[in-house]
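Presented below is the structure to which this report refers.
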2 protein chains.
Amino acid sequence: MKNTKKNILGLIKSFWVVLFVFTTNSFAKPTAVEPIVFKTDIAEDATPAVLNKILNLNKEQENQIKFEKGIYHFYSDKALEKFCYISNHDDVMVRTAFPIFDFKNITIDGQGSTFIFHGKMVPFLINSSKNVTVKNVSVDWEIPFHSETKIVAVDEKNKTFDMTISDKYPYEIRNGELIFIKEFYEHNLGQTILYDPIREAIMFDTESYTNLTTIRKNNVSRNLDKIKYKYEVDDRGKLFKDYGKENNLIVKELKPGLVRVFNHKKKLPPVGMILTAKGDQSVNRLAPAFRVTNTDGFNGTNVNIHHAGGMGIIAENSSDLILDNFNITPSHGRMVSATADATHFVGCRGKIVLRNSTFQNQLDDAMNVHGTYQKIVDVLGGNKIGVRMGHSQQQGFQIGKEEDLIGLVRLSDSFFPYHKLTIKEVQFINGRYQIITFNEELPKEIKTGDLIENLDAYPDLLVENCTISNNRARGLLISNPLKTIVRNNFFSTEMEAILIPVESGHWYESGNGANILIENNTFQDCTHSGQNRGVIRFVTDDDNENIAFKNISIINNTFNQFDNLILEVANTDGLIFSKNTISNSGTFKILHPENPAITVKTSKNITFKKNKYKGKAKQILVKDNLLPKLKFK
Amino acid sequence: MKNTKKNILGLIKSFWVVLFVFTTNSFAKPTAVEPIVFKTDIAEDATPAVLNKILNLNKEQENQIKFEKGIYHFYSDKALEKFCYISNHDDVMVRTAFPIFDFKNITIDGQGSTFIFHGKMVPFLINSSKNVTVKNVSVDWEIPFHSETKIVAVDEKNKTFDMTISDKYPYEIRNGELIFIKEFYEHNLGQTILYDPIREAIMFDTESYTNLTTIRKNNVSRNLDKIKYKYEVDDRGKLFKDYGKENNLIVKELKPGLVRVFNHKKKLPPVGMILTAKGDQSVNRLAPAFRVTNTDGFNGTNVNIHHAGGMGIIAENSSDLILDNFNITPSHGRMVSATADATHFVGCRGKIVLRNSTFQNQLDDAMNVHGTYQKIVDVLGGNKIGVRMGHSQQQGFQIGKEEDLIGLVRLSDSFFPYHKLTIKEVQFINGRYQIITFNEELPKEIKTGDLIENLDAYPDLLVENCTISNNRARGLLISNPLKTIVRNNFFSTEMEAILIPVESGHWYESGNGANILIENNTFQDCTHSGQNRGVIRFVTDDDNENIAFKNISIINNTFNQFDNLILEVANTDGLIFSKNTISNSGTFKILHPENPAITVKTSKNITFKKNKYKGKAKQILVKDNLLPKLKFK
């Protein structure tokens, strides 16, 4: 028997050697083939032809797909379907004509074409690939996933307002609730915000008016406590968030296309403003324009995304993502472009570059970069733990790959790990629960409730020559301890232009901030939402004095701001703020005249020098007792 | 190069030969290992231990899993998650502790245990396996997916009724709509039916009272026609079914646990009856107890299913399924067992046996056996077609496997195929659309709109010694042209005891009926719903005189029936009805005194002999002009 085995092993060895030679000759060098060129004869519904071609390509070789310049429609009816857990989106059954799975080297060149999508599609679904380029293409939807109405009358006495709804936005009223009907989708007034059509930007002080108060407490809720949950449940998750609540807004149609809204509790929206609505938070992020996972090397060049039912691009567990002239802007006179962030990177490493791009009118941040905290719920002994995904939109997210360095974090003690381990294996159990095996034994001090964070999955980040404006929410939301440069950009955002957080209680987005250079940017009337926040803000949601942020430089920027507060610093060790110019724009009225320009607390090694202050704050700097000698200069 | 290739091929050949010898010795004979025995120490939540074990078994060998007798809870929180297209159910993300995937030979023996499930779980999810046995186990849910209330008062003047809701059924009222809250699930009054607590069966003539009229037309629906769908859409599918409609029922809580219902349009439900509700049709089939796909050999022996949020067992594309003492019965004083069919077989072949089993109080048929019709929507030329799934609950269903014989059917011409082809490949594109490649060229006469049917995927069916009663809907719904024996059973069903249809317009369930023997059964007060239908019924939904059913024998049965109509025959060639005894039970009042006992139309070769009629019909047989000499004997 032993001899037989030996012979077999010898034979196998020879077999593999020869097979290696054979495959090396035949397959190993990817060679470029002739580009595939689609002509406009497929434009009426390009899905079947494009999908069929992509499914039948040789993925090992270089592939080029080109489109004769034109307008191509992509319907979902014959598109490939796949269930996707998408980070910071809903987990949805998506359809695509571009399943870029397991490609080694592929370029899709629209040559100036516009792709118009119909229904619940992800235009580019990219997974487990290398060197993917998409260029020279505009992406839009025939019927957007959001709706826009115009405020035409306000009745302060009866607390109602009227709005017109054009025939671009089909709607129904069901039991007093307004429902907008889309292709294979519908939404209610769940998430709303006002746009100012003159500025084509979020209305000044919209926070006083929106969201519309769609939800109220209900009166009858019986015996829900009789349901005994054995494990933690997510009160903010689907179903649970509805317990004890009911619809509050009632609408009445005055005539076709004209609707009166009752029961709104905030200020009544001003006549002439555009109310944009995208529906309930737990179902309205379903169709990002680009979804990139487990991919090394993505280039988006000369791309215009005019709409998406979610983000412009969501990238997860990928590396080296270069967006150049990659623009999110609205089309067809719409106020809104993408209905969530323009760009979003979770657990990405290598280089992330946003360059020469415009991010306008999307309904969330221009960029969000972070990892994930996952909560240890089972210490399974030896080298295994069970982890729970904290936020419902992180379901199914895999924290990293083999050999990645994982930090064990106890945020009450420190924002930095108390121990480090490397991944041996991640076992998916369900959207909320995974089992992680490490190469090393677990430390004795590990306990349930601690968090894990992937220390290898942060990027070398550059945001350069970009215009970020007219959107809801932040400009850049950065949780990146590695390296970040933000240079030569223009910001005019509704919330903070740049937010550097440590956030563990709601979104479970990991990553403290370090090695950040913010220079030569212009900040024009940011935080015009009405929220009382700085233009640049360092903040943790854990109420302690531990250091979270290190080595920050804010140099040579221009702040031309209608309100006082420019910079909020907390939990920081090492920040230099120099050569910046701060002035008051006068664009809007000052909402928070009591504010200083700068606040500093729970920090050390903070330096101000060579700044010019021409603003209106009565006091430029407010600080705590830790830095008695600190002065604004 | 040629020589090199030849050498390599030779080497590969030797390699496989030796490998074959090697594997034959080492692996080929599966050997039984020691049974795995779970003890009650895992009973608090058996999911993690059972799942971990099953995921780590050697699937190539025989496996036995036993449970020390006890009550085991299975929570969904740490169960394996998988998106499943489930035929005749919703397509859902399910969780399971028993992922029986790709096993060769596995037995799960509860040894008399009860497994209690929590939340949206499929207790046994079986796929691509051979020889699977599950025995000696009872399945139940801690909190059922349906709700039961008791009618306590009726106000005929104001057209309202009152019902009590026990604390077993947590509920909320949201904007006047009653919502029942479950573990990770909730439902409204969408589908309701009345139970008579004395008979523990569906209330006599419930059709006059239920469903509750939950839906009405809404008043405002604008510009929906502006959405241009390029392809066919399913008006009965999700979203579309809601267009133009709104909630009609309004409920008001009189005191905790006592609710008044307004706006019901049918007869008001009688005091003392139990109203059972399972929610909206498009979301309430989510957790069958057994789901078996692509599996050859399944034995369910001594199994009690007390509840399921869907069917007791749904089997698809499988063969040789033997259910023996496999019972669906309610527990804990509930009226309802499973919320859909007890057993359901789609595209199954080989033997299907239901023996010595009780199917009681489920909310749909005791058994449904059929294939699927899929609609040709694209003739792609050569040997390829694109097909569309007609019903939303058939999404993702694969019509067959390689070499299966597929019939092309044009029902307007014939219920039998006009051409036959064999499958080369089925390509999944999305839930609604697949591309099928045949080994042969397509015939010239093929056109879009024609249907396809798998002629190889029907079973040799035996239903013997079973009790079928107290359920909503039919006893046996059989679309099987191969062979069917129904023998020694007791039926007391709300609709037809045995329905043999050809149905292409709604459910797209394929299969005409042939070679059917129905003998020695007792039919006691069937069709007590109030519907005007026979106890045994042959019917097509295509209005023509083509033959659909052949070679039917109905022999030596006892019909003890409160109403007149026993047998409806249409589109049949060859039916013998002999030695049957028909009497009037007097159990309920006759609802349709004008009916005969038997109707025959569009048929030939029909024989009646040696039957005894002791019923109350004024005319025993009504027939059309095709059989002038036919007489009841």
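The values are calculated or read from the model by the stated rules, or taken from the named source; none is laboratory data. Keep in mind it's a predicted model, so treat the numbers as computed, not measured. Don't worry about glycine lacking a Cβ; one is built from the backbone with ideal geometry, like all the others, and counts go over all protein chains shown. For accessibility, only protein heavy atoms count, side chains too; no ligands or nucleic acids. Shrake-Rupley method; radii C 1.70, N 1.55, O 1.52, S 1.80 Å.
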- Amide H contacts under 5 Å for B:Gln191, placed H, 5+ residues apart: B:Lys278, B:Gly279, B:Asp280
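How many percent of the accessible area of the stretch B:198-333 is carbon or sulfur, using a 1.4 Å probe? Mind dumping the intermediate values first?
Working: 2660 of 5350 Å².
Heavy-atom surface of the stretch B:198-333 belonging to carbon and sulfur, 1.4 Å probe: 50 percent.
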- Note on the structure: In order over the stretch A:278-289: 3J(HN,Hα) from phi, Karplus 6.51/-1.76/1.60, θ = phi - 60°, whole Hz, x for each Gly or Pro, gives 10, x, 4, 4, 8, 9, 9, 10, 10, 8, x, 6
- Message: Take B:Val622 and B:Val379, extend 7 Å from each Cα along the Cα→Cβ direction, and tell me the distance between the two endpoints in nm.
- Response: 4.3 nm
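By per-residue mean of other Cβ atoms within 10 Å, what is the highest-first order of B:97-109, B:47-59?
Details: B:97-109: 21.0, B:47-59: 17.0.
The peptides rank, most packed first, as B:97-109, B:47-59.
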- Query: So which lysines pass the test for B:Lys483, namely a Cα distance under 24 Å, with those fewer than 8 places away in the same chain ruled out?
  - Reply: B:Lys130, B:Lys351, B:Lys401, B:Lys420, B:Lys550, B:Lys579, B:Lys601, B:Lys604, B:Lys609
- Message: Which lysines, if any, have their Cα less than 18 Å from the Cα of B:Lys66, not counting same-chain residues under 8 positions apart?
- Response: B:Lys39, B:Lys53, B:Lys104, B:Lys135
- Item | Hydrodynamic radius (Kirkwood) for the stretch A:404-548, which is based on Cα pairs only, to one decimal in Å | 17.1 Å
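Tell me the net charge near B:Val271. Cut-off is 13 Å between Cβ atoms, B:Val271 excluded, with +1 for each Lys or Arg and -1 for each Asp or Glu. Mind showing how you got there, number by number?
On the way: positive: B:Lys150, B:Lys267; negative: B:Asp155, B:Glu156, B:Asp162, B:Asp196.
The answer is -2.
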- Note on the structure: Rounded to the nearest 5, the percent of antiparallel DSSP beta bridges in the protein assembly as shown equals 35 percent
- Query: Please state the equivalent ellipsoid semi-axes for the stretch B:565-605: what are the square roots of 5 times the Cα gyration tensor eigenvalues, largest first, in whole Å?
  - Reply: 24, 13, 6
- Query: How long are the three semi-axes of the equivalent ellipsoid of the protein assembly as shown, in whole Å, if each is the root of 5 times an eigenvalue of the C-alpha gyration tensor, listed from largest down?
  - Reply: 57, 39, 31
- Query: Which of the trypsin sites (Lys or Arg not before Pro) found in the stretch A:173-229 are loop residues per DSSP with 12 or fewer other Cβ atoms within 10 Å of their Cβ?
  - Reply: A:Lys228
- Query: Looking at the stretch B:374-453 from every direction and averaging, what is the projected area of its Cα convex hull in nm²?
  - Reply: 4.6 nm²
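How long are the semi-axes of the equivalent ellipsoid of the stretch A:147-277, defined as square roots of 5 times the Cα gyration tensor eigenvalues? Whole Å, largest first. Could the numbers behind the result be given before it?
Numbers: eigenvalues 182, 53, 49 Å².
One finds semi-axes of 30, 16, 16 Å for the stretch A:147-277.
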- Over what distance in Å are the Cα centres of the stretch A:255-294 and the stretch B:473-544 separated? 50 Å
- Note on the structure: Taking the label point 7 Å from Cα along the Cα-Cβ vector, the copy-to-copy distances for A:Lys424, listed from shortest in nm with one decimal, are 4.8
- Here the whole-number average of other chain Cβ atoms within 10 Å per Cβ of B:110-116 is 0
- Task: Step through the residues of the stretch A:252-258 one at a time and calculate ³J(HN,Hα) from phi using the Karplus curve (6.51 cos²θ - 1.76 cosθ + 1.60, θ = phi - 60°), rounding each to whole Hz and writing x for Gly and Pro.
- Result: 9, 7, 7, 7, x, x, 10
- Item | Threshold 30 Å² - residues in the stretch A:210-229 whose accessible area is reduced by that much or more when the chain is no longer isolated, probe 1.4 Å | A:Val220, A:Arg222, A:Asn223, A:Leu224, A:Lys226, A:Ile227, A:Tyr229
- Item | Label spacing, shortest first and in nm, from B:Phe588 to its equivalents in the remaining copies (7 angstrom along Cα→Cβ) | 6.7
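Between B:Glu34 and B:Lys483, how high is the FRET efficiency from 1/(1 + (r/R0)^6) when r is the Cβ-Cβ distance and R₀ = 45 Å? Nearest 0.05.
Values: r = 41 Å, r/R0 = 0.91.
The calculated FRET efficiency here is 0.65.
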- Item | Per-q log10 I(q)/I(0), the stretch A:458-623, q = 0.14, 0.17, 0.21 Å⁻¹ (Debye; single scatterer per alpha-carbon; no solvent) | -0.65, -1.00, -1.59
- Message: Run the simple label-point estimate for B:Asn52 and B:Asp543 please: 7 Å along Cα→C-beta, distance reported in nm.
- Response: 6.4 nm
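Where both residues lie in the stretch A:338-408, what percent of DSSP beta bridges are antiparallel, nearest 5? Could you put the intermediate results ahead of the total?
Values: 6 of 10 bridges.
Roughly 60 percent of the DSSP beta bridges within the stretch A:338-408 come out antiparallel.
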- Distance between the stretch B:63-77 and the stretch B:404-454 - C-alpha centres, whole angstrom: 44 Å
- Task: Per residue of the stretch B:353-367, in order, report the coupling 6.51 cos²θ - 1.76 cosθ + 1.60 (Karplus, θ = phi - 60°) as ³J(HN,Hα) in whole Hz, putting x for Gly and Pro.
- Result: 10, 10, 9, 6, 10, 10, 10, 10, 6, 6, 8, 7, 3, 5, 8
- Task: Sort all Cα-Cα distances of chain B into consecutive 20 angstrom bins from zero, then give the percent of pairs in each bin up to the one containing the longest distance.
- Result: 18, 49, 29, 4, 0
- With each pseudo-label sitting 7 Å past Cα toward Cβ, what's the B:Leu224-B:Lys241 distance in nm, one decimal? 1.4 nm
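Mind checking how much accessible area B and A bury in total, 1.4 Å probe, in Å² rounded to 100?
Values: alone 27070 and 26970 Å², together 47600 Å².
Interface between B and A: roughly 6400 Å².
With r defined as the distance between the Cβ atoms of A:Asp41 and B:Phe428 and R0 fixed at 22 Å, what FRET efficiency is calculated, to the nearest 0.05?
On the way: r = 27 Å, r/R0 = 1.21.
According to the calculation, E is roughly 0.25.
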- Note on the structure: Counting only protein heavy atoms and rolling a 1.4 Å probe, one gets per residue an accessible area for the protein assembly as shown in Å² of 38 Å²
- Note on the structure: Asserting the computed 222 nm helical MRE of chain A (DSSP H runs at least 4 long, -39500 (n - 2.57) per run, divided by residue count, to nearest 500) equals -1500 deg cm²/dmol
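Please give the net charge around A:Thr527, taking every other residue with its beta carbon less than 11 angstrom from that of A:Thr527, where Lys and Arg add +1 and Asp and Glu add -1.
Summing Lys and Arg as +1 and Asp and Glu as -1 gives -4.
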- Note on the structure: Charge tally for neighbours of B:Leu477 with beta carbon under 11 Å away, counting Lys, Arg as +1 and Asp, Glu as -1, is -4
- Query: Hey, for B:Asn383 with labels 7 Å out along Cα-Cβ, what do the inter-copy distances come to in nm, ordered shortest first?
  - Reply: 5.0
- Query: Once you average over the residues of A:428-440, how many Cβ atoms of partner chains fall within 10 Å of each Cβ?
  - Reply: 3
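Quick one: pull the percentage of alpha-carbon pairs in the stretch A:489-535 with a separation above 18 Å. Spell out each step's value before the answer.
Numbers: 470 of 1081 pairs.
So the pairs more than 18 Å apart make up 43 percent of the total in the stretch A:489-535.
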- Query: When N counts the residues of the stretch A:242-383, how does its alpha-carbon radius of gyration compare numerically with 2.2 N^0.38 Å, as a ratio?
  - Reply: 1.38
- Note on the structure: Residues of the stretch A:456-489 with backbone N under 16 Å of the label point set 7 Å from the Cα of A:Thr581 along Cα→Cβ are A:488-489
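Please find the FRET efficiency linking A:Asn556 to A:Phe416, where r is the Cβ-Cβ separation and R0 is fixed at 41 Å, and quote it to the nearest 0.05.
On the way: r = 30 Å, r/R0 = 0.74.
It comes to 0.85.
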- Query: Put simply, what bits of the stretch B:245-273 lose 20 Å² or more of accessible area when the other protein chains are there, versus the chain on its own (1.4 Å probe)?
  - Reply: B:Glu246, B:Asn247, B:Glu253, B:Pro256
